[in-house]
Amino acid sequence: MSISLTQDAARHVANQLASRGHGIGIRVGVKTTGCSGMAYVLEFVDRLEVGDRVFEDHGVKVVVDPKSLVYIDGTEMDYVKQGVNEGFEFKNPNSRGECGCGESFNV
């Protein structure tokens, strides 16, 4: 089981952590919402919770709770810039479809 980051995603997270001045990594999870059922949730991690799984890619720690890992195992996070838009993209092998706006997915 794992979550991976592209080099661009890792660079972006590392820069954000450095600007913030503290934190051990980024937490990736899911919550029930949106038109397709689930949405990704990202937040900085200052301390680990019981049961957290920690993955490291390109020197950046990615923290996932066990319930979310079931839905996002094998996911690759990328950070993309297209024109004036930029943000994270998730390549999730468990996703069976996304809503039209790309904010939520289903498994």
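The values are calculated or read from the model by the stated rules, or taken from the named source; none is laboratory data. Predicted model, so just to flag it, every value in this text is computed and none were measured. Because the Cβ atoms are built from the backbone with ideal geometry, glycine has one as well, and the counts that use them run over all protein chains shown.
When segment 36-68 is filtered for residues that are in a loop (DSSP other than H, G, I, E, B) and either surrounded by 13 or more Cβ atoms within 10 Å (Cβ to Cβ) or in contact with a helix residue (DSSP H, G or I) (Cβ under 7 Å, 6 or more places away or on another chain) (or both), the ones remaining, listed by number, are Ser36, Leu48, Gly51, Asp52, His58, Gly59, Asp65. Looking across segment 9-35, the residues that are over 12 Å from Lys61 (Cβ atoms) and buried (at least 16 other Cβ atoms within 10 Å of the Cβ) come down to Ala9, His12, Gly29, Val30, Gly34. Taken over segment 69-107, residues that are exposed (fewer than 14 other Cβ atoms within 10 Å of the Cβ), modelled with pLDDT under 85 and part of a strand (DSSP E or B) amount to 1.
Annotation note: Cβ proximity below 6 Å between a residue of segment 42-55 that is touching a residue at least 24 places away in the same chain (Cβ under 8 Å) and a residue that is surrounded by 11 or more Cβ atoms within 10 Å (Cβ to Cβ) and among the hydroxyl-bearing types (Ser, Thr, Tyr) (sequence gap 6+ or interchain) occurs for Phe55/Ser2.
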